[in-house]
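K.L.:
Following this message is one structure expressed as structure tokens.
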Amino acid sequence: MTQPELPARYRAFHSAGGALLYSALGAAWALLGVLEMRPVGMPEVAVALGLATGLLLILSVRGMQRANAVEEEAASPEASRERGLRGARTHWVFRVQAMLITAASAALVLTNRHAYVAPVTALIVGLHFVAMSSIHRTPGEGLMGAAIALAALATVLWVPGIPSIHRNPMNLAAGFGTALILWAGAAATLLQQRQASEPELPPQR
């Protein structure tokens, strides 16, 4: 069954909002990696990551401004229903993600496996984006989520962990790895939105 096409303004806002979310989440994960590096590489690494985050946030806000300039369209009843379904499914995915992260973190702490909290959380976050991509028909988001999940699995398998949740190489790998993938996803989303918003040139004779 063919899905109804949602209004261009809605799609533009969704893309810019997604990029804004990826940028902010990437900053949070990068902060985890920076905290593990102390005092090595400070403050140079922190400044560089701050600049990268600031640039992506500014570009995301500009993307929101471009979306605001898109002409408002009246949504068809089918498109309105589709938006409602997507919203309900999105809220369900967020609730499941929160429950999984809480349960997994509690189980790891209770079994004295603190080192695995960050990569397991990253794995759940990656699967969250895979689920979101199927809801919103955004293959790029699914690719980003799969990359985060695979990086988290690689961290669990090949990066040595220590009992403490602090000074843990897994935090370093999961933090910077997830941040870089999220930022790459934000940049790709903004580039795609910008290309979609450019007017088509008339064919040359």
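K.L.:
If we count other beta carbons within 10 Å of each Cβ, what is the order of Y22, Y116, fewest first? Walk me through the numbers on the way to the answer.
P.N.:
Working: Y22 26, Y116 23.
With the fewest neighbours first, Y22, Y116 line up as Y116, Y22.
K.L.:
Between A107 and N68, what is the label-point separation in nm under the 7 Å Cα-to-beta-carbon projection?
P.N.:
With each label point 7 Å from Cα toward Cβ, the separation is 4.5 nm.
K.L.:
Right, here's the next one. By its C-alpha gyration tensor, with a ≥ b ≥ c as the square roots of the eigenvalues, how is region 8-196 shaped: rounded for a/c under 1.5, else prolate for a/b larger than b/c, else oblate? If you can, show how the numbers build up before the last one.
P.N.:
Numbers: a/c = 2.86, a/b = 1.54, b/c = 1.86.
Verdict is oblate for region 8-196.
K.L.:
What ranking, highest mean first, results for peptides 177-189, 125-137, 80-92 when packing means the other Cβ atoms within 10 Å averaged over each residue? Spell out each step's value before the answer.
P.N.:
Working: 177-189: 22.9, 125-137: 19.0, 80-92: 13.2.
Top of the packing list down: 177-189, 125-137, 80-92.
K.L.:
Give me the dipole magnitude in Debye, nearest 20, for the chain about the Cα centre, with unit charges on the beta carbon: positive for Lys and Arg, negative for Asp and Glu. If you can, show how the numbers build up before the last one.
P.N.:
Numbers: 15 positive and 11 negative charges, 59 e Å.
The calculation lands at about 280 debye.
K.L.:
Where does the chain land at 222 nm, in deg cm²/dmol rounded to the nearest 500, when only DSSP H runs of n ≥ 4 count, each adding -39500 (n - 2.57), divided by all residues? Mind showing how you got there, number by number?
P.N.:
Working: 6 runs with 159 residues, N = 205.
Dividing the helical sum by the residues of the chain leaves -27500 deg cm²/dmol.
K.L.:
Please report the net charge: other residues with Cβ closer than 12 Å to the Cβ of F13, K and R +1, D and E -1.
P.N.:
On the way: positive: R9, R11, R66, R83; negative: E72.
Residues close to F13 contribute a combined charge of +3.
Where a number appears in this text, it was derived from the coordinates with a stated rule and is not lab data. It should be emphasised that the depicted structure is a prediction, and the values quoted were computed from it without experimental measurement. Note: ideal-geometry Cβ built from the backbone for every residue, glycine included; neighbour counts use all protein chains shown.
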